[in-house]
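As structure tokens, the structure follows; a few thoughts come after it.
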Amino acid sequence: MEVCVESISKSYGFQKAVDNISFRVNQGEIVGFLGPNGAGKTTTMKIITCFMPPDEGNVTVGGMSVVTNPEEVKKHIGYLPESNPLYKEMAIIDYLAFAAEIQGVPRDKIRERIFGMIQVCGLKSEKHKKIGELSKGYQQRVGLAQAMIHDPEVLILDEPTSGLDPNQIVEIRELIRRIGREKTVIMCSHILAEVEATCDRIVIISGGKLVADGTSTSLRKQAQGKEILKVRIEDGDRNAIYNALRGIDSVELVDFLPDHTQSFEVQSKAGANSRRSVFKLCVDNNWALTEMTPVERKLEEVFRDLTINT
Amino acid sequence: MNKIWIITKRELRSFFNSLMAYVMIVLFLGFSGFFTWIFGNDIFLVNQASLQSFFGIAFWSLFFFIPAVTMGLLADERKSGTIELLVTKPVSDWQIVIGKFLAAFLLICITLALTFPYYISVAGIGKIDHGAVWMGYLGLLFMSACYISIGLFASSITGNQIVAFLIALFIGIFFQLVFGLIGSGSLGLFGGLMNYLSIGTHFESMARGVIDSKDVIFFLSIIFLGLTGTELALSKRNLFN
């Protein structure tokens, strides 16, 4: 079931929280939803999950509109809200039974689904406890379990791994990836590495506007433009090497690196490639080239560039 | 219908899990029992086989207890954020409102059912007007339903249970007392209107064993208004205060 967000806008009073955002998530795709605090991520999630309607625009889930047909849409969505609100006074099993019933899971399937989710989310040892007695990580697992209890076509997760221990994070990521093969998953996170590791595609919003939409590789490429190399050249005088590097036609900028006296950062001109020239330079001067690594820009930097000026 | 019952069931269970229900039942039985049998204008003083004195006490104790039952129904969900999860489940706002209303109403039904021993005891003492007793209970149920819908509305407009409790009492006191007082002090159309708005007027006529469509329409309108207000407040979705 695909999710189509079609130019939605939403204001709170005079403040525009979401401003004309459109994107599309296909079935079998995991999309990471990124943005700085207050960018409108949660508002967008709330509109997709039919918590509140958009002021303008529309969202369709499998062709059904959240504005005109919310009840039908809600049946196909599993939602884990940001703060993971739960009924603290209920026992885990009772709560999951409630979630299954209200999602319309057939009566004879409820038991099976509950125990399935307890298994998947690692709640077995705690299943008879009240939710309020659990640690934050276990509560997070209960939140995930209730979101997936009816085997939804669309899964919307706001910070799914917050509060989990590293082992559990790996398990939950794997679980999300497994679900994402057949289902549609939209996931909000502040941990960029997690988004990069889990998601097929990344959507970045900032100040209520969509600023980027693509795979992590394409985003990096788009923001990068110029090739940057880290090179280490030994057996020569620092300044001589520096000047020689600057003499290469395709090189725009050379910098000393502070950590190694013999290391340099070489930035090529737009569209140019200097790796062969650097190697040739070393051979000609009889210097030893001990390291040459292309510097990949981190997703963090891409994210900063895209969101800092809005 | 099924969805409403699922919500009602959960809400009732949480009443009993959180001791709310037990406190409510014990306090109500203790309070009404004390004044019905032991102290003040009690049955032995009146020296009649009737439950009039019980109905008079229940009329006031329910007025105070019901806001305590309803105050958390929506305010608490709002505060903890669970309302977000609830409204994103495949249920309509009306189903949520009615489910919660029914839960509080069933709790009151259970509480009132536990006072049947009073009825049985009094019936054993002398000749009792059975019709008046049943009408009295029906009146209490109607009146409770009114205050539940008012309390639910109060609970829907704030995230603070205490504030919800006070708002419910504030709205309730008009129907319980103020309209009646103004009505008895005024004449003509205005006086009649005030008297009609007083829950006491309608309850007393029912407790005497008289039922009139005017009374039923009055109770149903208050319930309808309260629930509609709740639904409106819930559908606004500004649930973060």
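The values are calculated or read from the model by the stated rules, or taken from the named source; none is laboratory data. Fair warning: this is a prediction, and the values are worked out from it, not measured in the lab. Cβ placement follows ideal geometry from the backbone for every residue including glycine, while neighbour counts extend to all protein chains displayed. These accessible areas exclude ligands, DNA and RNA; they are computed on the full protein's heavy atoms, side chains included. Shrake-Rupley method; radii C 1.70, N 1.55, O 1.52, S 1.80 Å.
So the values come out like this:
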item	result
Long-range HN-HN contacts of A:ILE149 with modeled amide H, under 5 Å	none
Within a Gaussian network of chain A (alpha carbon springs, distance under 10 Å), most fluctuating of A:PHE98, A:PHE33, A:PHE256	A:PHE256
Cross-link pairs A:LYS16/A:LYS183; A:LYS221/A:LYS269; A:LYS124/B:LYS3; A:LYS10/A:LYS41; A:LYS16/B:LYS100; A:LYS41/B:LYS89 - those with Cα-Cα distance over 22 Å	A:LYS16/A:LYS183; A:LYS124/B:LYS3; A:LYS16/B:LYS100
Eligible aspartates and glutamates near A:LYS209 by straight Cα distance, threshold 12 Å, same-chain separation 8 or greater	A:ASP19
Exposure rank, largest accessible area first [B:ARG13, A:ARG113; 1.4 Å]	B:ARG13, A:ARG113
For region B:1-50: rounded, prolate or oblate by the Cα gyration tensor [a/c cutoff 1.5]	oblate
Listed residues A:LEU164, A:LEU155, A:LEU229, most fluctuating in chain A (Gaussian network, C-alpha, under 10 Å)	A:LEU229
222 nm mean residue ellipticity, helices alone, for chain B (DSSP H n ≥ 4; -39,500 (n - 2.57); rounded to 500)	-25500 deg cm²/dmol
Mean projected area (nm²) of the alpha-carbon convex hull when chain A is viewed from all directions	20.1 nm²
Acute angle (nearest 10 degrees) that the helix A:92-102 long axis makes with the longest principal axis of chain A, alpha-carbon atoms	80 degrees
Most fluctuating residue given options B:GLY81, B:GLY180, B:GLY136, as computed from a GNM of chain B linking Cα atoms under 10 Å	B:GLY81
Ellipticity estimate at 222 nm from DSSP helix runs (n ≥ 4, -39,500 (n - 2.57)) divided over chain A, nearest 500	-11000 deg cm²/dmol
Rounded tilt (10° steps) of A:275-285 against the dominant C-alpha axis of chain A	30 degrees
Degrees between helix B:188-197 axis and first principal axis of chain B (Cα, 0 to 90, nearest 10)	70 degrees
DSSP bridge pairs, the protein assembly as shown: antiparallel proportion in percent, nearest 5	70 percent
DSSP bridge orientation in chain A - percent antiparallel, rounded to nearest 5	70 percent
Sites matching trypsin sites (Lys or Arg not before Pro) across region A:278-310 that sit in DSSP coil, with at most 14 neighbouring C-beta atoms within 10 Å	A:LYS298
The protein assembly as shown - Rg (one decimal) and Dmax (whole number), Cα, Å	33.3, 123
